[in-house]
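The values are calculated or read from the model by the stated rules, or taken from the named source; none is laboratory data. The shown structure was predicted, so the numbers you read here are calculated from the model rather than taken from an experiment. Counting neighbours? That spans all protein chains shown, and the Cβs are built from the backbone with ideal geometry, glycine included.
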Amino acid sequence: MNSFMPFAEAKFAEFAEVFTEAAEELADTLGIPADVATKQKGQFTAYKAAFTACESPNAGPVDREGRKEKRGALELSIRKIKNAYIDGDPKGVVTNEIRLRFGLPPRDTTHTPVEPPHEIPTFTLESGGYLQVVVRHPARPPRYSGAVLFYKVSEEPVTNHTELTGSKLLTRPKETLAFEDADRLKAFYAALCWQNEKGECGPSSPIQSIPIV
């Protein structure tokens, strides 16, 4: 039932935010009624507040139970919008580009074997301000779902790609990443590779790094 939604709480919160923003921005395009989009945003706001409360060192069972309840309601809302306006596609406008904007995997539209990407993407890391890093890379080529960012925040140098244990699919040429206070003055290490619509990755770029300030 929840296969398209991340299980881990932090990953789900990130996915839900992307989905909610897309539902609001693309409501007219997809025919999502204003009250449905507004309800979705309200449920995400309630869940995010419960999620934040559980991040406190003083969080207890009541906070976690509240987060669980808010997540259940939000998951139901997400599923209804996905079923009715994305998978159902009443206006006939849903493309893989739109699915990716919602944080959903693209549909398999290829009927012949597709080779994994061969190119190594170039990218830059820039400071985006307090506790932020901006990742810039070229627009993805046709039939690619995006660029996979492999990363790690560390006080020690990272020289091996196997140490980059975090990953994130970037679908836009510019992505701003936010970090926690505990990450300040550590370094952000990252490498990038292209991913095709089959989910196959190409070769990774050399590792780059930038201080988190």
* To do: Please find, among 92, 72, the residue that is exposed (fewer than 13 other Cβ atoms within 10 Å of the Cβ), without any contact (Cβ under 8 Å) to a residue 24 or more places away in the chain, assigned to a helix (DSSP H, G or I) and not assigned by TED's automatic domain parsing to the domain that holds residue 139.
  => 72
* Structure fact -> Counting only residues that are part of a strand (DSSP E or B), loosely packed, with under 13 Cβ neighbours inside 10 Å and hydrophobic (A, V, I, L, M, F, W, C), the stretch 177-213 contains a total of 1
* Would you check if residue 34 is at pLDDT 95 or above, more than 15 Å from residue 15 (Cα to Cα) and loosely packed, with under 14 Cβ neighbours inside 10 Å? => no
* To do: Count, please, the residues in the stretch 2-25 that happen to be outside any helix (DSSP H, G or I) and in contact (Cβ under 8 Å) with a residue 40 or more places away in the chain.
  => 3
* Asked: Within the stretch 144-166, which residues are part of a loop (DSSP other than H, G, I, E, B) and either touching a Cys at 6+ places or on another chain (Cβ under 9 Å) or exposed (fewer than 15 other Cβ atoms within 10 Å of the Cβ) (or both)?
  -> 155, 156, 157, 159, 160, 165
* Restricting attention to the stretch 26-48, report how many residues are assigned to a helix (DSSP H, G or I), of a type outside the set (S, T, N, Q) and touching a residue at least 12 places away in the same chain (Cβ under 8 Å). => 9
* All positions within the stretch 162-210 that are out of contact with any Asp or Glu (no Cβ under 9 Å at 6 or more places or on another chain), under 20 Å from residue 129 (Cβ atoms) and touching a residue at least 60 places away in the same chain (Cβ under 8 Å) -> 188, 190, 208, 209
* Asked: Taking residue 192, is it aliphatic (A, V, I, L, M), over 27 Å from residue 29 (Cβ atoms) and in contact with a Leu (Cβ under 8 Å, 6 or more places away or on another chain)?
  -> yes
* Return the pairs, sorted by first residue and then second, in which the second residue is surrounded by 15 or more Cβ atoms within 10 Å (Cβ to Cβ) and small (Gly, Ala, Ser), the first residue lies in the stretch 116-127 and is farther than 18 Å from residue 172 by Cα, the beta carbons are less than 7 Å apart, and the residues are 6+ apart or on different chains. => 116/202; 118/202
* Structure fact -> Only one of (1) buried (at least 18 other Cβ atoms within 10 Å of the Cβ); (2) over 18 Å from the mean Cα position of the chain (by Cα); (3) closer than 21 Å to residue 183 by Cα does not apply to residue 127, and that is (1)
